[in-house]
Amino acid sequence: MKAWDGIFDAIKQSTGSALINPQTRPTYGGCTDNTHIVSAGHENYFVKYAPEHAHSRFAAEAKGLAVLHGARAVRVPQVISCGITDAHAFLVLEYLNLGQGRDHTAAQLGQQLARQHCVTDTAFGWEEDNFIGDAKQSNLRQADWSVFWREARLRPQLTRATQIIGIKLAGEAEKLLESCGAFFTDYQPAPALLHGDLWDGNWGATADGAPVIFDPAVYFGDREADIAMTELFGRFPEVFYSAYRAAWPLDEGYPVRCELYNLYHVLNHLNLFGVGYLPQAERLILRLLAQLR
C-alpha cells in the first residue's frame, strides 16, 4: 500500500528518528479500522488506517487521548502522529503489548479512574463533537446535565432509531425524554473528565500490571456514566468497583441512572449493528418509565 510510505514519513517527522527497515503486520484493533503493528529496529508503533473520511474520527481520538494523558491519572497510549496520505487517514500510537488485567490491575484502574474524574470543567460537553465508535457524538456545551443527556445523547440516538423501534416504542421513548429531569431531582453531578466508551474491550494491562485505557470518546459529564458502561458488556472485576467506591463513593441513586446512561450505548449499538439490540433497548426504556410512576 502506497500509504505506508506516508505513514513512515509521519512517524519519522514526529519522533525525529529514522525507521530502519520498517515491517508491518496486521493485528486486531476493533471492528471499524485496519490495524497494524509497525516494527523498525527496537521500536514498535500501533497504526490504524481507514479511508480518508475517517480522518476527523482519528483526529478526535487523538485529542481525547492527549487530554486523558494530560490528566495524569490512567495511562493511555501516547499519540505519535495523525494525518492523511494516499487517500487514507491514519493514526499512529505508542505500541503497548497489552494483556488481560488481573485483580490488582483492576483495583489500580478503579483508584486511578476516580482521580481522573476529579478533573473538572465549567460545563458539560466538549470543545468539539467527536465519535462513539463510528457514530458522531454531539458535545454541545450545556450547564444543565439532564438537558445535556437528553439533547446531546438520548435524543439523537432515538431520532436515528425511530424506524427501527416503531411508532409505539418511539412514543414511550418520547415520554422518557420529556421526564429525563426527574432522574436528577436530588442529584446534581459536577462535570468530570470521562473516557466516554469504557467497556471491557477498551482497557488492558501492561506486562508489569499497569492499567491502560484506550479508544476514548472523551467529554465532561457525570462520572457515573463511565462507571455505568463498565457494567454493560461484561462487568469489570469486582475489585475495580470496590477500589473506585473506596476512593469516591457513588450516590445511592446510581443503579437507576446506570440504566439511563447505558440506554445511550444500547441505542448506539442498535443504530450501528441492527435489530439484535432492540429487545434490550425496549427493556431499558420500559424499566426507566416504570421508575417514574
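The values are calculated or read from the model by the stated rules, or taken from the named source; none is laboratory data. Worth saying up front: this structure is predicted, and the values here are computed from it rather than measured. Because the Cβ atoms are built from the backbone with ideal geometry, glycine has one as well, and the counts that use them run over all protein chains shown.
For segment 43-56, the criterion of a residue being of a type in the set (A, V, I, L, M), in a strand (DSSP E or B) and surrounded by 14 or more Cβ atoms within 10 Å (Cβ to Cβ) is satisfied by at least one position. Among residues of segment 38-51 that are in contact (Cβ under 8 Å) with a residue 12 or more places away in the chain, those with a Cβ under 7 angstrom from a residue that is assigned to a strand (DSSP E or B) and of a type in the set (Phe, Trp, Tyr), sequence gap 6+ or separate chain, pair up as Val38/Tyr45; Val47/Phe90; Lys48/Phe90; Tyr49/Phe90. Here Phe46 fits the description: modelled with pLDDT of 95 or more, on the phi < 0 side of the Ramachandran plot and in contact with a Ser or Thr (Cβ under 8 Å, 6 or more places away or on another chain). Filtering Asp186, Asp200 for residues that are under 21 Å from Leu93 (Cβ atoms), acidic (Asp, Glu) and modelled with pLDDT under 95 leaves a single hit, Asp200.
Given the condition touching a residue at least 12 places away in the same chain (Cβ under 8 Å) and either outside any helix (DSSP H, G or I) or touching an Asp or Glu at 6+ places or on another chain (Cβ under 7 Å) (or both), answer yes or no: does some residue in segment 170-178 qualify? No, segment 170-178 contains no residue that is touching a residue at least 12 places away in the same chain (Cβ under 8 Å) and either outside any helix (DSSP H, G or I) or touching an Asp or Glu at 6+ places or on another chain (Cβ under 7 Å) (or both). Scanning segment 167-199 for residues that are in contact with a Leu (Cβ under 9 Å, 6 or more places away or on another chain) and acidic (Asp, Glu), we see that the one that is nearest to Lys136 (Cα to Cα) is Glu174.
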